[in-house]
Amino acid sequence: MKEEKKDDGVMAEEKPYMFWIWTLASTIFRLFLIFSPENINLSSRPEVSTPHTSLRRLAEGYWLKQSSLSPYAGSMYHGSPLLLSILGPLTVQRIEGQSSHHLCSLVFVIADLLSALLLRAIGQKLQKSYRMNLRPLGVLRSSQDRGILPCGDIAALVYLWNPFTILSCVGLSTSPIENLAVIVSLYGAVTRRVPLAAFGLIMATHLSLYSAPLVFPLIFLLGYGLDAPPIKKFLQTRHGGVETGSTSDVSKQEKLTPTTQLPFSWRTVLHFVFWVLVWSSYVLVLCSLSLKQYGGLEEMFKRTYGFILRIEDLSPNIGVFWYFFAEAFEFSRNYLLIIFNLYILLTSIPSLMFRLKHRPCFLAFAYLAFTSILKSYPSVGDAALYLSLWALFVNELTDMEYSFFIFCGYIGFSLLSPVMHNFWIWRGTGNANFYFGNAMGYACFQFMFVEKSVNAMLNHDQALKKATAEMTKNLAITVIF
């Protein structure tokens, strides 16, 4: 027994040590790709850089602003004026003997490291909550705790070593900044730091309109707390077990009953709403001052959110909108815009909120995955974010169906995308249907991934309910006899 405890202690010391080694290796690998003498030009790849996240377009917008013109003049830049003020000066400064984009690339490396560390902290909180929720239900024993995977370390390393994340970091895309804002909001809600959660949500929504639905998981996190099984079902199962017996038997049964879920904390949510209003006002004031000479906030909303919703740029990407609107008749364009933009609001948000309100962090993953499929200008950076959030739930999703098939589909369509683009654009041996067909296949596998993940989580909760009911039945038999 002493030797086993000693081995467990050694393993516990080695795991953090190995985590930091892999983290350092991922940083070195990124720096090697950035400062490699061979020019790895990924900034023109439609899978990596979009009209909304391109650093080249940001540099163009900064040049226009320096020339006393509106950064939104023409059709190049459609991003945040605050991001333009922060990253713009870095696009014109050079490290001696290096390209002008290397300073921005270093910022993206730092953003990836911060995102990974915050994901690790979120995972540690979720893992602690997972243990605390399972032990009172009698499903988990202390000797079985070794079977619980360190989801925080796994999620952080998945984010750092995901090829999609590395491509976004090296490919001069602002996706790492957007991902960091989303993760900051989740970290703030998980750790009950309300101002930080509100700040992350406002910045994520400011950088990308599709982050706005995160407000619902954040409210559930702050109102109900961390992810937990649906406690009401377990309470019904436990209390419906044995109605007869002595008072001592009842007291034994009550000891095994898990703590009821805390009531919704309206005070915390109102505190969150207050800080959302404060940060929103602050951001709007800063944007107004930045664009005072170029049309103000009206110009910003038109050129950023309007650009996203109207889908003005029909250049190819890994999404499905560009092809539909390139082929659509002009008289039906407004109708299709309404249908496509409302599809996310009317299909995913209400149903997922109803089924997953007891698991707000997993609900955030489902929202981000769903919106990344149906957003106007998706990139691989969006997939990198929701895949790392999925890794936070490796313990609950161990029985997910068709996981290997979906994994192979992701790899296959990711590799085929540049091939089809090359056939169409450069070789001229294909047409738009080649690339769009690959985008459709990629979207189908993403839908399958989200659907199977949600099913696996709901099945996990149902399995816990059955295990608890079986244990309650056995306890009732023991008490009677």
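The values are calculated or read from the model by the stated rules, or taken from the named source; none is laboratory data. What you see is a predicted model; the values in this text were computed from it and never measured. With ideal geometry, Cβ positions are generated from the backbone for all residues, glycine too; neighbour counts draw on all protein chains shown. These area figures cover heavy atoms from the full protein model, side chains too; ligands, DNA and RNA do not enter into them. Shrake-Rupley method; radii C 1.70, N 1.55, O 1.52, S 1.80 Å.
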Quiz item: So what does Met18 come to for accessible area, using a 1.4 Å probe and Å² rounded to 10?
Solution: 90
Quiz item: Given a Förster radius of 25 Å and the C-beta distance between Glu298 and Gln93 as r, what FRET efficiency does 1/(1 + (r/R0)^6) yield to the nearest 0.05?
Solution: 0.20
Quiz item: Hey, rough spin-label estimate for Leu149 and Asn459, points 7 angstrom out along Cα→Cβ, what's it come to in nanometres?
Solution: 1.6
Exercise. Provide the per-residue ³J(HN,Hα) series for region 71-76, in order, calculated from phi with Karplus coefficients 6.51, -1.76, 1.60 and θ = phi - 60°, each as a whole number of Hz, with x at glycine and proline positions.
Key: x, 9, 5, x, 9, 8
Quiz item: In region 315-336, which residues have a backbone nitrogen under 13 Å from the label point lying 7 Å from Arg427's Cα in the Cα-to-Cβ direction?
Solution: none
Quiz item: Please state the equivalent ellipsoid semi-axes for region 411-474: what are the square roots of 5 times the Cα gyration tensor eigenvalues, largest first, in whole Å?
Solution: 47, 8, 5
Quiz item: Which order do peptides 168-175, 20-27 fall in by mean Cβ count within 10 Å, highest first?
Solution: 168-175, 20-27
Quiz item: So which chymotrypsin sites (Phe, Trp or Tyr not before Pro) in region 307-394 pass both tests, a DSSP loop state and at most 13 other Cβ atoms within 10 Å of the Cβ?
Solution: Phe329
Quiz item: How about region 282-320: which GluC sites (Glu not before Pro) there are in a DSSP loop, with at most 15 other Cβ atoms within 10 Å of their Cβ?
Solution: Glu312
Self-check item: Label-point gap, in nm, between Val278 and Cys444 - each point 7 angstrom along Cα→Cβ
Solution: 5.0
Quiz prompt | Label-point gap, in nm, between Ala121 and Leu82 - each point 7 angstrom along Cα→Cβ | solution = 1.9
Practice problem: Step through the table entries Lys125/Lys375; Lys65/Lys302; Lys65/Lys375; Lys125/Lys465; Lys292/Lys375, compare each Cα-Cα distance with 21 Å, and write down the pairs that go over it. | Solution: Lys125/Lys375; Lys65/Lys375; Lys125/Lys465; Lys292/Lys375
